[in-house]
């Protein structure tokens, strides 16, 4: 379907194929093994993450610049990513330029500790954060960290808090233990 035939209401999605760290068959096992060798993990991610974030920044800017061609309002373009895409989303949240400022950011299961010393921009977009405390990669504390950074800068409140969800791209019906945080002006879910 070409952009000219897309519906004029609702949500329009663009998929970003950003650069990734190369892994084998079981990425979770590989990353868990690398967690015992922090230097190896930092070397692998240190090469790829900045490139992936640059891809995210370029994508938001590109979509905003061409939004009217697709019947999309440029001031409603945001970014959402899961897992490594959550790190890309967090990178965009901290490093956008005015022409590429997202209307919202949603880092889901984001391994974004690289932004520990980052400063939340003065005009930071609203943020929606989600993770699970039982995630096999232990990413809930990173999501809480992002939440706290945005709270300190924006003084917003969480929407939904809970504890369990699967870390994969085939999200099941949400069980009663999912950690969802809403920071900023995104509509409340509860």
* To do: Filter the stretch 40-57 down to the residues that are modelled with pLDDT of 90 or more and closer than 10 Å to residue 18 by Cα, then identify the one that is surrounded by the fewest Cβ atoms within 10 Å (Cβ to Cβ).
  => 51
* Asked: What are the residues in the stretch 35-78 that are within 20 Å of residue 128 (Cβ to Cβ) and touching a residue at least 60 places away in the same chain (Cβ under 8 Å), if any?
  -> 72
* Regarding residue 13, is this residue at pLDDT 85 or above and over 21 Å from residue 94 (Cβ atoms)? -> no
* **Out of 137, 146, sole residue that is in contact with a helix residue (DSSP H, G or I) (Cβ under 7 Å, 6 or more places away or on another chain), at pLDDT 85 or above and closer than 15 Å to residue 86 by Cβ** => 146
* Positions within the stretch 58-83 being under 24 Å from residue 115 (Cα atoms), in a loop (DSSP other than H, G, I, E, B) and either modelled with pLDDT of 90 or more or in contact with a helix residue (DSSP H, G or I) (Cβ under 7 Å, 6 or more places away or on another chain) (or both), in sequence order -> 77, 78
* Asked: Taking the stretch 88-127 as the search range and keeping residues that are part of a helix (DSSP H, G or I) and in contact with a strand residue (DSSP E or B) (Cβ under 7 Å, 6 or more places away or on another chain), which one is nearest to residue 20 (Cα to Cα)?
  -> 88
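The values are calculated or read from the model by the stated rules, or taken from the named source; none is laboratory data. The structure displayed is predicted, hence computed values, not measured ones. For neighbour counting, all protein chains shown are included, and Cβ atoms are generated from backbone atoms with ideal geometry for every residue, glycine included.
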